[in-house]
Amino acid sequence: MPAITAIIATWNELPQNLERTVDGLRGHGVRVSVVEDGPVRLGCGYRRNQGILAASTELVFLCDAHMDFEQGFFNAMAGELAAHPDAVVVGRMQSMDHGWRDIAGHLYAGAEIQTKYEAPGGQYVPIAARWRRKHEGGAAQIGAVMGACYGFTRSHYERMGRPLSILRGWGCDEELLSIASYMVGGCVRLMMPVARHMYAAPRHRPIELTPADILHIWGNRLAMLRAIPMKPETRDRLAEWLRRTDYAERNWVELIGDVATRNNDIRRMYHALAMPAMPFEEYLEKWCNGRTAEDREKDKQDGERMMKADKARTTKNGKKIGRPRKVPEVAKAEAVVDMGLPCRHCGERYGHKVVRTYDNENRLIKCEKCGGHFIAVRGMDV
């Protein structure tokens, strides 16, 4: 097997999970580079880019810090990259619980891209990678990578214009790598070996998003639209979808300012993709919006299960971890509130009810006018 470097970007990871992952990777003969996101938090994508540029091997894989890999995983991936050096490769992914046990029915096979995705809480996301749950046959081309481990050659990463360099905060890694790979004449390849990933892994300290973190998350979406060459009407349509999100609309000037700080990296990627082997619109036509009603129903079930897991998550001594803030009992009751928050469905701002307050202080709201539900996200709607 050729030399491989696995790059793990971490923040507040539980030491035992990181150690187990690193030991497992080394057991496969893989070099490991751990990049801590601190003291200034620049995000997973940016730190991964740093790790890629610092790697001494041609083959690099991006991994999360709470993973396990079946025997022969990296041998198979390296062989696929030898045959397809212009590809981004990904294996199937099996979700695990916090005891490192497989979760039945949660084996995924890469992703499809949705041109427009409406996330919970009235968040409108352009160009979103969403799980593929079914795959028949063996290795194949797919629309996008997804999950916690995928790899490529450093040469191919340079040809793509270093896509992860434009990111700050969280999100857009999979979308950028997948789209850029196709646009420069490469592809995304799904392999059958399985990587196992801990679902909603607990953290050493709770994750609390700062205003800068939230700005970066939405800034990544806008930066992606700036960095990918596309027809003006396509860019305008996707930007208009992004602006439907209340946070983006209220903070559009700040988002533009945040993205402006990344202009050098955005220009590099744009020029790398400026003469595409597969234009962006052709990529959308071929690979987007292939998800089924069954996929969407599974998304809903996953979200409900995640909320239950967050509520039940405890340490050995019985104390909550991950989101330890206590919520006053009055907030948990269904009470009428006048928050001035617009309903995502009808726009009414007053007379809503708090149906539930989560441990992270997000609130599930019911509109008294239309009866619709939406989530008020802490730090974004208040």
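The residues of the stretch 20-68 that are out of contact with any Leu (no Cβ under 9 Å at 6 or more places or on another chain), buried (at least 16 other Cβ atoms within 10 Å of the Cβ) and within 22 Å of Asp102 (Cα to Cα), listed by number, are Arg20, Thr21, Val22, Gly24, Leu25, His28, Asp64, Asp68.
Conditions (1) touching a strand residue (DSSP E or B) at 6+ places or on another chain (Cβ under 9 Å); (2) in a loop (DSSP other than H, G, I, E, B); (3) touching a residue at least 24 places away in the same chain (Cβ under 8 Å); (4) loosely packed, with under 13 Cβ neighbours inside 10 Å, marked per residue:
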residue: Leu242; (1), (2), (3), (4): yes, no, yes, no
residue: Tyr247; (1), (2), (3), (4): yes, no, yes, no
residue: Val253; (1), (2), (3), (4): no, no, no, yes
residue: Ile256; (1), (2), (3), (4): no, no, yes, yes
residue: Val259; (1), (2), (3), (4): no, no, yes, no
residue: Ile266; (1), (2), (3), (4): no, no, yes, no
residue: Tyr270; (1), (2), (3), (4): no, no, yes, no
residue: Ala274; (1), (2), (3), (4): no, yes, yes, yes
residue: Ala277; (1), (2), (3), (4): no, yes, yes, yes
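Residues in the stretch 214-238 that are among the hydrophobic types (A, V, I, L, M, F, W, C), touching a Lys or Arg at 6+ places or on another chain (Cβ under 9 Å) and assigned to a helix (DSSP H, G or I): Leu215, Ile217, Ala223, Leu225, Ala227, Leu238. Assess whether Ser178 counts as being assigned to a helix (DSSP H, G or I), of a type in the set (Ser, Thr, Tyr) and surrounded by fewer than 18 Cβ atoms within 10 Å (Cβ to Cβ). When the stated conditions are applied, Ser178 does not pass them. Within this structure, Ala139 passes the test of being among the hydrophobic types (A, V, I, L, M, F, W, C), closer than 20 Å to Met77 by Cβ and more than 14 Å from the chain's Cα centre (by Cα).
Checking Tyr157, Tyr150, Tyr182 one by one, the residue that is more than 20 Å from Ile8 (Cα to Cα), modelled with pLDDT of 95 or more and either among the aromatic types (Phe, Trp, Tyr) or outside the structural domain of Ala227 (by TED's automatic domain parsing) (or both) is Tyr182 and no other. Taking the stretch 181-204 as the range and being assigned to a loop (DSSP other than H, G, I, E, B), within 20 Å of the chain's Cα centre (by Cα) and not aliphatic (A, V, I, L, M) as the test, the residues that pass are Tyr199, Pro202. Candidates in the stretch 1-40 are the residues that are charged (D, E, K, R) and touching a Lys or Arg at 6+ places or on another chain (Cβ under 9 Å); of these, the one that is nearest to Gln71 (Cα to Cα) is Glu13.
The values are calculated or read from the model by the stated rules, or taken from the named source; none is laboratory data. This one's a predicted model, so the numbers in the text were calculated from it and none came from an experiment. All Cβ positions, glycine included, derive from the backbone under ideal geometry; neighbour counts span all protein chains shown.
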